[in-house]
Amino acid sequence: GDGSFITGEVLAALFKKIGYYVVTVKDFPSNIRGLPSNYTVRGSSKPIYGRNDFDDFLIAFDIPSIRTHLKDLREGSICIYDSRDGKELTDDLRKEGVLYIPLPLREIARKEIGLELIKNMVAFGVLSEIFGIGDEITTSIIVENFKRKGEKVVELNKKAVLRGRELVRENHKKLPEFKLRKFEDKGRILAMGNDFVSMGAIAGGCRFLAAYPITPSSEILEFLSKEMKKFGGAAVQAEDEISSINMAIGASIAGLRAMVASSGPGIALKTEALSYAGMTETPIVIYYAMRIGPATGLPTKTSQEDLLYIIFAGHGEFPRLILMPATPDELFYLTAEAFNFAEEFQIPVIILTDQFLAQSKFTIDKEKIDPKKVEIRRGKIVLNGDTLPRNNGFLLRYKIEEDGISKRLIPGLADGVFGTTGYEHDEAGYGTEDEDNRVSTVSYTHLTLPTNRE
């Protein structure tokens, strides 16, 4: 609630504007307000995909923040902190080789600008002056980030930034040289990992999402709720996790490329339906952003604890494919490819990430995200006019084929009535407890992916 995230967002936009690649890292509690949050921004002239092991700068809006992040500072680091209590830092808060700069951020914001919360933009002004960023670029960043809130808010923030710049000029003329070299702003994309997944889903032909909000996957629902309808699709916030995956399975059976998005506790609730998708050979894509568990765990912290869980999730044996992207472009392209794999093999496909990859922001060159490079492969889908597999008048939706993949039928085909059930079924889709049928369908589920694909 103190504005650290906004400071980070504006700083990330500034780095991008002067030609840097950017990675941002959110670290926040699972409550609304009252526990500490921090936001790390890293900039580089070369592509980067993670944070560093140290911080060059720490902006501390309170003294406890210095204690928390002292371990991240090294010789040559600068700690800018709010000196509102007028006390000197105790020895246990000081680290040799770190330059400490006390500034009355909160007091200036309250007394001179009339809004205490805006201390974060005073701090941004301090940084922009230390980095040697001119007024023109700094002002343009403020306008871009706050114009949606109206002219009054823009002017307040501009005033706060200017005051921060003046603080450095007036009181810290002998600071070490930290001026940033400027590069060309090539219009790179700066977006959250979840945004790259959402863009990949649209490019890959996904036209239905059902989800229930859960950290750290909620941005998928937020993004696609705004964008999916532009492409003739729908994104639905379901009443719970169980209904969301069943909605997506229904949409997939009806012929749409469908997806759900969730995290550990939500995926646990979806596992019965995951087994249903396996039994009915229904293509579905599941986006799984891991967080710390077990149980509710630490909902806003990153973890990679759930790999074995998702490999074996569900009752009984059925094939599923797990894709683990590691970079923004992989988030985009592997998400798009997930829908191809799901339909080609008629299986659930899981896109597995973690909170860091899902909710951090990354800069990537625009040419690396090209929807035209995305290929749509729908597998053995039967269209009107195609020859339908039959036996004694029954349509064989689950006919056992040599390659292990049946022809996929979509409801609405002429003379295309077939059965689909979560019960053990025969080739026509009707329930059976025949032993030979069970043995043949179990062996049938061991599919082999082609080896000639990159």
### Task
Filter the GluC sites (Glu not before Pro) in region 90-146 to those in DSSP coil with at most 16 other Cβ atoms within 10 Å of their Cβ, and list the result.
Glu96
### Message
Need one word for region 22-76: rounded, prolate or oblate. Basis is the Cα gyration tensor (sqrt eigenvalues a ≥ b ≥ c); a/c below 1.5 gives rounded, then a/b vs b/c decides.
### Response
oblate
### Inter-part distance where region 156-185 and region 209-248 are each reduced to a Cα centre, Å
42 Å
### Task
Specify whether the C-alpha gyration tensor of region 285-354 places it in the rounded, prolate or oblate class, a ≥ b ≥ c being the square roots of the eigenvalues: rounded for a/c under 1.5, otherwise prolate if a/b is larger than b/c and oblate if not.
oblate
### Query
Using the alpha carbon gyration tensor of region 224-309, what are the three equivalent-ellipsoid semi-axes (square root of 5 times each eigenvalue), largest first, in whole Å?
24, 17, 10
## Note on the structure
Pseudo-spin-label distance Thr421 to Glu184, built 7 Å along Cα→Cβ, given in nm, is 6.6 nm
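Check each of the GluC sites (Glu not before Pro) in region 306-412 and keep only those in coil by DSSP with at most 15 other C-beta atoms within 10 angstrom; list them in order.
Counting only loop positions with at most 15 other Cβ atoms within 10 Å, the GluC sites (Glu not before Pro) in region 306-412 are Glu317, Glu375, Glu401, Glu402.
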### Message
At a threshold of 8 angstrom on Cα-Cα distance, excluding pairs fewer than six apart, so keeping six or more, what relative contact order does the chain reach in percent?
### Response
13 percent
### Task
State, to one decimal in nm, how far the label point of Leu383 lies from the label point of Asn31, with both points 7 Å from Cα in the Cβ direction.
5.8 nm
### Query
Label-point separation (nm) for Arg110 and Ala234, each offset 7 Å from Cα along Cα-to-Cβ?
5.2 nm
### Query
Under 21 Å from the Cα of Lys46, which lysines turn up, not counting those fewer than eight places away in the same chain?
Lys16, Lys17, Lys179, Lys182, Lys186, Lys361, Lys366, Lys368
### Query
How large is the helix-only mean residue ellipticity at 222 nm for the chain, computed as the sum of -39500 (n - 2.57) over DSSP H runs with n ≥ 4, divided by its residue count, in deg cm²/dmol to the nearest 500?
-10500 deg cm²/dmol
### Task
State the volume of the convex hull built on the alpha-carbon positions of region 72-134, expressed per residue in Å³ and rounded to an integer.
96 Å³
#### Entry: For Asp354, net neighbour charge (Lys/Arg +1, Asp/Glu -1) across residues whose Cβ lies under 13 Å away
+1
#### Entry: Alpha-carbon spread of region 40-154, three principal axes, descending order, Å
44, 41, 21
### Task
For the chain, just the Cα atoms, rotate onto the principal axes and tell me the three extents in Å, largest first.
91, 40, 40
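Every number here is computed from the coordinates shown, using simple stated rules; none is lab data. Nothing here was measured: the structure is a model prediction, and the numbers come from that model. Counting neighbours? That spans all protein chains shown, and the Cβs are built from the backbone with ideal geometry, glycine included.
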